[in-house]
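Colleague: Sharing a structure below in structure tokens format, with a few things to ask.
The values are calculated or read from the model by the stated rules, or taken from the named source; none is laboratory data. Just so it is clear, the model here is predicted, and its values are computed rather than measured. We place every Cβ from the backbone using ideal geometry, glycine too, and count neighbours over all the protein chains shown.
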Amino acid sequence: MGMSTRIAARRTFVDGRFTPATVVIDEGQITAVTVFDPMADRVLPDDAVLLPGLVDSHVHLDEPGRTEWEGFATGTAAAAAGGVTTVVDMPLNSSPVTTTPEALDAKRAAAAGKLAVDVAYWGGAVPDNLGSLRALADAGVVGVKCFLSPSGIDEFGHLDANQLEACLAELAVFDGLLIVHAEDPAHLHGDGPLGPRYADFEATRPPQSERAAIRRVVEAARRTGARAHIVHVSDGEALDDVRAAKAEGVRLTVETCPHYLTLDAAEVPDGAAAFKCCPPIRGAANRDLLWAGVVDGTIDAIVSDHSPATVELKSNPDFGLAWGGIAGLQTGLSSVHTAGRGRGIRLEDLLPLLTTGPARLAGLVGLGVIAPGAPAHLVAFAPDEEFVVDATALEYRNPVSPWHGQTLTGVVRETWLRGESVFRRGEPVTLRAGRELVNTVVEA
């Protein structure tokens, strides 16, 4: 056994609060959390806090097949730079989409040697693979994703109401998890050119679409007893249905995203397709409702829905024609911390939604904590330091960010994966020490 490494900070996030502590690391695993030792191997300066590595359970890495959009190498580097040590990759927009064990094999082959952080995988539930979801789960995905409206990718079809119920019934047999893009196509309209005004795009995807779809999921989950999760909730009023479902025991969880918590539809510039996503960013009053859901515990996780595309696809000034999707993996912690601080919400109250919440959702037990037995995934974070977002300086393959030019508070200075430094601010990400998590057993 090699020598222990000790990292100390006067503010270390342990058991839900900041406390002086020293983290002892042996062979990539935390073996002890002891009193603060000013003579430790590494002592963080007083203006920094030591956090557990974040978990982001909603990331589109787009490889294989659309590596020009992102890819494992750049996407996981961006994660490391954002303090995220585990991501769960979505089944699209890669090609092939991850709807068969063979497609998962292709994705895993594409990831080899490229991972700066750990990666797990979601599978997909589409009309063509219903009845075969157990094989996909056995191949190693942590759950399956479906759309209730067109996904934008032809090979990833959406489920109608009957197919949704059949999918949940199939998953209930082995307690599999379905995560749902919840927009009802009956309330969507406006395909084709819309022009440069964001309000014209937002109107094509009204809140009623989310509410109707979420109610459909709730009803089907209630009938089948299956586990269901709503991804990227943007409509704050829909949370009332979520609260009611949870109160009656429906096995439902929900997430929202940094862009819904920090951006305002009224402030989106004309033609700025970096802000386009589905469901859309909504107004300030709606944003207040989402924050209320964060504070009262209705929202289980805050995750990026990092969904990049090429500069060309994001440069069309017509909101109807530009590709949807927001790149937010590297800026998620800082943007949410900045907005939360402005509302008087403490960092320690936000951290569970960025760590243990997403880990629990994906079944990645043991992640997102600083505790003996956990992998030594750690982040040095300066919560009071400000920086101006420069999209060209981010680790993404394509320099597109709706936060470009904004001043955010909170800087990731260093990220450790199993005790090994994988990111230092101002230095390129070169170490590829990430692992695949294909059986949800987390090992140091």
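Colleague: May I ask you to verify whether PHE147 is of a type outside the set (A, V, I, L, M), touching a His at 6+ places or on another chain (Cβ under 9 Å) and at pLDDT 95 or above?
Modeller: On the way: of a type outside the set (A, V, I, L, M): yes; touching a His at 6+ places or on another chain (Cβ under 9 Å): yes; at pLDDT 95 or above: yes.
Yes.
Colleague: I want to confirm something. Restricting to the stretch 373-389 and keeping residues that are among the small types (Gly, Ala, Ser) and touching an Asp or Glu at 6+ places or on another chain (Cβ under 7 Å), which single residue is surrounded by the most Cβ atoms within 10 Å (Cβ to Cβ)?
Modeller: Residues of the stretch 373-389 among the small types (Gly, Ala, Ser): 373-374, 376, 380, 382.
Subsequent filtering for residues that are touching an Asp or Glu at 6+ places or on another chain (Cβ under 7 Å) retains 380, 382.
Numbers: ALA380: 24, ALA382: 19.
Checking each candidate, the answer is ALA380.
Colleague: Moving on to the next point. Test ILE179 against the stated conditions and say whether it is modelled with pLDDT of 95 or more, hydrophobic (A, V, I, L, M, F, W, C), in a strand (DSSP E or B) and surrounded by 15 or more Cβ atoms within 10 Å (Cβ to Cβ). Full working, then the answer.
Modeller: On the way: modelled with pLDDT of 95 or more: yes; hydrophobic (A, V, I, L, M, F, W, C): yes; in a strand (DSSP E or B): yes; surrounded by 15 or more Cβ atoms within 10 Å (Cβ to Cβ): yes.
It is true that ILE179 is modelled with pLDDT of 95 or more, hydrophobic (A, V, I, L, M, F, W, C), in a strand (DSSP E or B) and surrounded by 15 or more Cβ atoms within 10 Å (Cβ to Cβ).
Colleague: Can you tell which of ALA221, ALA247, ALA273, ALA265 is farther than 23 Å from ASN93 by Cα, in contact with a Phe, Trp or Tyr (Cβ under 8 Å, 6 or more places away or on another chain), at pLDDT 95 or above and of a type in the set (Gly, Ala, Ser)? Lay out the reasoning, then the answer.
Modeller: Numbers: ALA221 fails: in contact with a Phe, Trp or Tyr (Cβ under 8 Å, 6 or more places away or on another chain); ALA247 fails: in contact with a Phe, Trp or Tyr (Cβ under 8 Å, 6 or more places away or on another chain); ALA273 fails: farther than 23 Å from ASN93 by Cα.
Of the residues listed, the single one that is farther than 23 Å from ASN93 by Cα, in contact with a Phe, Trp or Tyr (Cβ under 8 Å, 6 or more places away or on another chain), at pLDDT 95 or above and of a type in the set (Gly, Ala, Ser) is ALA265.
Colleague: Considering the stretch 137-152 alone, what residues qualify as being surrounded by fewer than 17 Cβ atoms within 10 Å (Cβ to Cβ) and part of a loop (DSSP other than H, G, I, E, B)? Can you show your working first?
Modeller: Just the residues of the stretch 137-152 that are surrounded by fewer than 17 Cβ atoms within 10 Å (Cβ to Cβ), to begin with: 138, 150, 152.
PRO150, GLY152, listed by residue number.
Colleague: Here's something else I'd like to know. For THR392, all conditions in the list (1) assigned to a loop (DSSP other than H, G, I, E, B); (2) loosely packed, with under 15 Cβ neighbours inside 10 Å hold save one; what is the number of the exception?
Modeller: Status for THR392: all satisfied but (1).
Colleague: Separate question: Being touching a helix residue (DSSP H, G or I) at 6+ places or on another chain (Cβ under 8 Å) and surrounded by fewer than 24 Cβ atoms within 10 Å (Cβ to Cβ) is the filter here, so list the residues in the stretch 56-66 that pass it.
Modeller: PRO64
Colleague: Same structure, new question: Can you list residue pairs whose Cβ atoms sit under 7 Å apart, with the first residue in the stretch 1-27 being surrounded by 14 or more Cβ atoms within 10 Å (Cβ to Cβ) and the second being modelled with pLDDT of 95 or more and among the aromatic types (Phe, Trp, Tyr)? Count only pairs 6 or more apart in sequence or on different chains.
Modeller: ALA8/PHE36; ARG10/PHE36; ARG11/PHE18; THR12/PHE18; PRO20/PHE36; ALA21/PHE36; THR22/PHE36
Colleague: A follow-up question, please. Test of understanding: among GLU255, GLU219, GLU237, which residue is crowded, with 18+ Cβ neighbours inside 10 Å, outside any loop (DSSP other than H, G, I, E, B) and charged (D, E, K, R)? Let's see the steps before the verdict.
Modeller: Details: GLU219 fails: crowded, with 18+ Cβ neighbours inside 10 Å; GLU237 fails: crowded, with 18+ Cβ neighbours inside 10 Å.
None of the others qualify; the one that does is GLU255.
Colleague: Taking ASP384, is it out of contact with any helix residue (DSSP H, G or I) (no Cβ under 7 Å at 6 or more places or on another chain), more than 24 Å from GLY325 (Cα to Cα) and charged (D, E, K, R)?
Modeller: Numbers: out of contact with any helix residue (DSSP H, G or I) (no Cβ under 7 Å at 6 or more places or on another chain): yes; more than 24 Å from GLY325 (Cα to Cα): yes; charged (D, E, K, R): yes.
Yes.
Colleague: Would the stretch 312-319 turn up any residue that is among the charged types (D, E, K, R), part of a loop (DSSP other than H, G, I, E, B) and more than 18 Å from the chain's Cα centre (by Cα)?
Modeller: Keep residues of the stretch 312-319 that are among the charged types (D, E, K, R), which gives 312, 314, 318.
So of that shortlist, the ones also part of a loop (DSSP other than H, G, I, E, B) come out as 318.
Checking which are more than 18 Å from the chain's Cα centre (by Cα) leaves us with 318.
For the stretch 312-319, residues among the charged types (D, E, K, R), part of a loop (DSSP other than H, G, I, E, B) and more than 18 Å from the chain's Cα centre (by Cα): present.
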